[in-house]
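Peer 1: Quick one: the structure is below, questions incoming.
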Amino acid sequence: MVEDKINEVKIDLAVSTEKINRLQEDMEQLTKSMAELSKAIAEINITLSSSKGSIRMLMIVGSACAALGSAVAELIHVWR
């Protein structure tokens, strides 16, 4: 009877140890994945910060074209 209980405890301990090992492996994989995601986010931030200048230039050119188009439309309206 006591030996059966000891064997059950040993089996439970082995199962628990295996579960702990699996959890540790999963945590290592999660840590690696998080590091890769952090790198990807950093690259995205760099891309976005470098595109701010081009977006600003696009807005300036677009505004100038809109102003020129308005001026041409006003001139056409006045001449008619």
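Read-outs throughout are calculated quantities, based only on the coordinates presented, and are distinct from any laboratory measurement. All of these numbers come straight from a predicted model, not from anything done at the bench. So basically every Cβ, Gly included, is an ideal-geometry build from the backbone, and we count neighbours across all protein chains shown.
Peer 1: So, with +1 on the Cβ of K and R and -1 on the Cβ of D and E, and no other charges, what is the size of the charge dipole of the chain about its Cα centre, to the nearest 20 debye?
Peer 2: Taking the Cα centre of the chain as origin, the dipole is about 840 debye.
Peer 1: Which label marks the calculated value of Cα extents along the principal axes in Å, given the options (1) 110, 24, 8; (2) 44, 32, 20; (3) 31, 26, 24?
Peer 2: Computing Cα extents along the principal axes in Å and matching it to (1) 110, 24, 8; (2) 44, 32, 20; (3) 31, 26, 24 gives (1).
Peer 1: Here is a further query. Can you tell me the length gained on complete extension of the stretch GLU8 to GLU36, counting 0.36 nm per residue apart and subtracting the Cα distance?
Peer 2: Working it through step by step, the gained length comes to 5.9 nm.
Peer 1: To continue, here is another question. Just how far, in whole angstrom, is the range 57-73 from the range 10-31 if you go by their alpha carbon centroids?
Peer 2: Spelled out, the Cα-based centre of one part sits 64 Å from the other.
Peer 1: For the chain, what does -39500 (n - 2.57) per DSSP helix run (n ≥ 4), summed and divided by total residues, give at 222 nm, in deg cm²/dmol to the nearest 500?
Peer 2: -37000 deg cm²/dmol
Peer 1: Taking 0.36 nm per residue of sequence separation and subtracting the Cα-Cα distance, how much length would be gained by fully extending the chain between GLU25 and ALA71, in nm to one decimal?
Peer 2: That pair, GLU25 and ALA71, stretches by 9.8 nm at full extension.
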